[in-house]
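Inspection log for the structure reproduced underneath, given as structure tokens.
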């Protein structure tokens, strides 16, 4: 009975990680916004404008991650997670009320705020229902649930387009799923440990960047998220440009990427138990760099899908490796470093912005791939520059 009681608390928290994966629908949305709303714009600006969708979402991590930590200390972790769900539901209905470029930016800006709040509060909430050795496996399970959500996004969009008549119906589907998560968590009783300590501020967090190793790792987080979001955003556009696929079929490009990223995370969790993280980081990023170089030149549909899979598989474990390195390097500043690393997720705004500018400048998605490759090359530099923690 006690075990059943534990699972009754774990499952609604883990389900929250599925909501966390909604932010990865930004790649499909960027493609559809470009196709649906930006046809009247000059071709030189379409990618720049459509890539403002991920910019609107991921820039929120820079603004709201540290304030969320302060809020969480005041109202508690569970209420903070519930607040993120309410904002997510509001964001999902905006494109249905008015589908314009402006409302799309507002909707994904709100989704970015909600996802920031969720990422900051959900992992700590899980620590209130799982203790000891089971915590690591539960956190890994949460990331696996998030990866499944990311993988399902393009299929839900395709279902909405083909069976319901409009891809935009993905938004009410997501709203209903979020509502279920909200109700499930609301009726679950979770005892939260009282947090004691000084309040976190922007100054106390960003002052840690004076340490060169922490700065190196922070930029690593920024660029690995940039590669992740960048390829998610560019994948369907590459397939449409080079293979002549329609937007629905091209939308499966991110699904292939996320499927292999999910597999990479699962296998990586096993391998890293016995294998050096430093060496694993080096091997994976070298393979990813070569795959991105190949992606500049190839045009075959199967090969392109295959390269998406290779990058997804090899990039899957780099974020947790860098994150754990930072924590191990300065364990005395674990809380501040944790907030700083989550702030680095705004790389998902910076990299797509430059991708849009570059691809419009050269008139091809090759420009986007060059920006993603440059990000991966920084990660290669990072892999060979990290000092022993």
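The values are calculated or read from the model by the stated rules, or taken from the named source; none is laboratory data. Given the structure is predicted, the values throughout are model-derived calculations rather than measurements. Counting neighbours? That spans all protein chains shown, and the Cβs are built from the backbone with ideal geometry, glycine included.
Some values worked out for this structure:
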{"quantity": "Restricting segment 74-97 to residues that are surrounded by fewer than 17 Cβ atoms within 10 Å (Cβ to Cβ) and at pLDDT below 90, the residue that is farthest from residue 119 (Cα to Cα)", "calculated": "96"}
{"quantity": "Residue 219, sole failed condition from (1) surrounded by 22 or more Cβ atoms within 10 Å (Cβ to Cβ); (2) at pLDDT 90 or above; (3) under 25 Å from residue 338 (Cβ atoms)", "calculated": "(1)"}
{"quantity": "Unmet requirement for residue 51, which otherwise passes all of (1) modelled with pLDDT under 80; (2) within 30 Å of residue 144 (Cβ to Cβ); (3) surrounded by fewer than 24 Cβ atoms within 10 Å (Cβ to Cβ)", "calculated": "(3)"}
{"quantity": "Answer from 262, 178 - the residue that is closer than 30 Å to residue 128 by Cβ, in a helix (DSSP H, G or I) and at pLDDT 90 or above", "calculated": "178"}
{"quantity": "Test: residue in segment 230-242 that is without any contact (Cβ under 8 Å) to a residue 40 or more places away in the chain and either in contact with a strand residue (DSSP E or B) (Cβ under 6 Å, 6 or more places away or on another chain) or over 25 Å from residue 345 (Cα atoms) (or both)", "calculated": "no"}
{"quantity": "Some residue of segment 317-329 being more than 22 Å from residue 217 (Cβ to Cβ) and touching a helix residue (DSSP H, G or I) at 6+ places or on another chain (Cβ under 6 Å)", "calculated": "no"}
{"quantity": "Selection from segment 266-296 of residues that are touching a residue at least 24 places away in the same chain (Cβ under 8 Å) and outside any helix (DSSP H, G or I)", "calculated": "272"}
{"quantity": "Test: residue 187 is under 17 Å from residue 93 (Cα atoms) and surrounded by fewer than 13 Cβ atoms within 10 Å (Cβ to Cβ)", "calculated": "no"}
{"quantity": "Any hit, segment 57-73, residues being out of contact with any strand residue (DSSP E or B) (no Cβ under 9 Å at 6 or more places or on another chain), within 29 Å of residue 246 (Cβ to Cβ) and either surrounded by 18 or more Cβ atoms within 10 Å (Cβ to Cβ) or at pLDDT 80 or above (or both)", "calculated": "yes"}
{"quantity": "Unique match (being surrounded by fewer than 19 Cβ atoms within 10 Å (Cβ to Cβ) and either within 25 Å of residue 259 (Cβ to Cβ) or in contact (Cβ under 8 Å) with a residue 24 or more places away in the chain (or both)) among 375, 359, 364", "calculated": "364"}
{"quantity": "Pairs, first without any contact (Cβ under 8 Å) to a residue 12 or more places away in the chain in segment 14-33, second part of a helix (DSSP H, G or I), C-beta under 6 Å, six or more apart", "calculated": "none"}
